[in-house]
Amino acid sequence: MKGYPGTATLSPEHIAAVNRRRRVVVNCDASHYVDMFVEDPVASVDDVFTLADEPGSHIDSFWWSWGQGQAAPYPSELLPLYDRDKYRRWIAEGIDVAQLYLEATNRRGLEAFFSYRFNASDSDLGPQAKVPIKTEHPEWTIKPWKDHPALDQVTLLNFEFEGVREYKLQVLREAAEKYDFDGIELDLQRTPIYFPAGHQWENHEILTGFMREVRAMLQEIAHRRGRPYLLAVRIGYDIEGCHFDGIDIETWAQEQLVDIFALGNRSLEADVYAFRRITAGTHIKLYPVIDDHHAADGYSYPPIEIFRGACSNWYRQGADGVQTFNFSCSPDTIHPQQQYEVQCQAYQEMGDAAALQDKDKVFVVCRRGGGHGDPVVPNPEDWYTPRHMYGYTNMLAPLPMALDRHGRADTMLKLFVGDDLSGAANRIEGLTLRLLLHDDDGEYVHRIPGERSGGPWRIEETDDAAPVEIDPDTPPPPVDGRIERGVIRVFMHRNFLYNHPPAGDIEKRLEVRINNSRLEAPGIEDGWLVFRDINPVLFAVGDNLVGVLVTPCSPEGGESLVIEKLELHVRYRGAP
């Protein structure tokens, strides 16, 4: 099918569908949930809606992600069935789980999308299983991590080949014609690799042509069924990253090839301002993404204040709502257990900017890479440039950032604050800036049950027994002459990365400025440098410059200090 040139012509009914209320979109990893927790899909179909059914929930839309896109849990003429006995049994019994969850969504009056992972791995059939199209056409594949000891067998499809694009279009057409969803999301972040490394942007016209084909196909189906078929894409959190990965997002917006941009992954930041600029004059909606598993490094399963800070920043920039990714479905589907209560509360607040007003928040400067130890992304402490992809890596996040060891120049960071702190000064109980430093002349300490090799750290408590939780109140032993260690990263309450702390007099030599106004000397708490009782008037709405300077301990120069984390904690009077 030939795509159409120029701007897409969209009916009033289509625009109305785009504009429907959509406060929180839940991207549900349905195949993982079903595979792990469901034995009788008919009897338990309502369990996945536990959070959505709570009174006061802001959830308006479910986007059902059925695996990695190489196999299917539903009957398909193109994709092999999941290699599990229960799926074979369900198909034999006439149970279509995709249809089952679609109907349950419709009964609640919620919007339903089919979310398709555009070029993900082959793990639906078992670890690195054979996928028919890759077996038949090995020349259509690329190996992004061919030298990686854990990922060297992973192959992805190369969209340079017309056969790949035709195959993907057929898969999407089958799903669109088979199921009466409100729309389709192309998840371009799982995994954001469509062309060989180093050739992404030079092939951007190929990807744009494919998007024209998808849009035309959905418009054709919409015409036949008599109602709109929306199209969403999950892309990176900034425009530069889209370019790195071969996405000409400006043309997609100008030609109105897409209705909704879901922005980002593994980050608490999204450049909504930039996307709002390129979508000006269009109907396109913007939904930044919070992922509570593949999270921003150092902020996996965080407290509610972290979610509030991120949402405040996004709404300040003009976001239309929020998409959640890898949130729990019910109390039985999450670890650690206490995070269920946090996510439940988030769903009562994050879909409405007004609901976030005067609630305690934490605003952070993001760290690149890392997250939950996914080997496809390097950790900040052993960073390298992942040239095969930008999305999913948080590549341009500024932390960790080295300080000037000679104490001559401030190290400058931007801290975005969505709340009007100056205007709310009479309602604020306290502002606290927290700074975590690492002395790079020493080693990180990584505490995790089980062995890990490599990296500029030393390992403690490497017991090969079953994973157990590590008490965060018992850090590794202190280092003579230094402040106590601080926790840089923790995952699942058992995988800890600690800093090598700075010298014991660091608080006397440290200068921190907010928009060039110097703060009073800090205290020390749990290895952090803590600045309390900051005047709210120092903060602008939006970007604020934070300058950090350390006077060296000798005329020859000081330590090799690195900023690992920086946070602003806001407490409101009478806040819940």
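The values are calculated or read from the model by the stated rules, or taken from the named source; none is laboratory data. Everything numeric here is computed off the predicted structure, so don't read it as measured data. In this analysis, Cβ positions are derived from the backbone assuming ideal geometry, glycine residues included, and neighbour counts consider all displayed protein chains.
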message: Among the residues of the stretch 562-572, are any surrounded by fewer than 17 Cβ atoms within 10 Å (Cβ to Cβ), farther than 23 Å from PRO398 by Cβ and modelled with pLDDT of 95 or more?
response: yes
task: Return yes when GLY309 is part of a loop (DSSP other than H, G, I, E, B) and either within 18 Å of the chain's Cα centre (by Cα) or in contact (Cβ under 8 Å) with a residue 40 or more places away in the chain (or both) and no when it is not.
output: no
Every residue from the stretch 170-200 that is in a helix (DSSP H, G or I) and either crowded, with 16+ Cβ neighbours inside 10 Å or at pLDDT below 95 (or both): VAL171, LEU172, ARG173, GLU174, ALA175, ALA176, LYS178
statement: Among helices (runs of 4 or more DSSP H) entirely inside the stretch 239-291, those with 1 or more residues being crowded, with 20+ Cβ neighbours inside 10 Å and of a type in the set (Val, Ile, Thr) are 249-254, 272-278
Failed criterion for PHE62 (all others in (1) within 20 Å of PHE37 (Cα to Cα); (2) modelled with pLDDT of 95 or more; (3) out of contact with any Pro (no Cβ under 9 Å at 6 or more places or on another chain); (4) surrounded by fewer than 22 Cβ atoms within 10 Å (Cβ to Cβ) hold): (4)
query: Does the stretch 100-135 hold any residues that are under 25 Å from GLY246 (Cβ atoms), of a type in the set (Asp, Glu) and out of contact with any Pro (no Cβ under 9 Å at 6 or more places or on another chain), and which are they?
result: ASP122
- line: Checked TYR101, TYR74 against criteria (crowded, with 21+ Cβ neighbours inside 10 Å and either in a loop (DSSP other than H, G, I, E, B) or of a type in the set (D, E, K, R) (or both)); the one match is TYR74
Yes/no for ALA222 being buried (at least 18 other Cβ atoms within 10 Å of the Cβ), assigned by TED's automatic domain parsing to the domain that holds LYS134, among the aliphatic types (A, V, I, L, M) and more than 26 Å from THR135 (Cβ to Cβ): yes
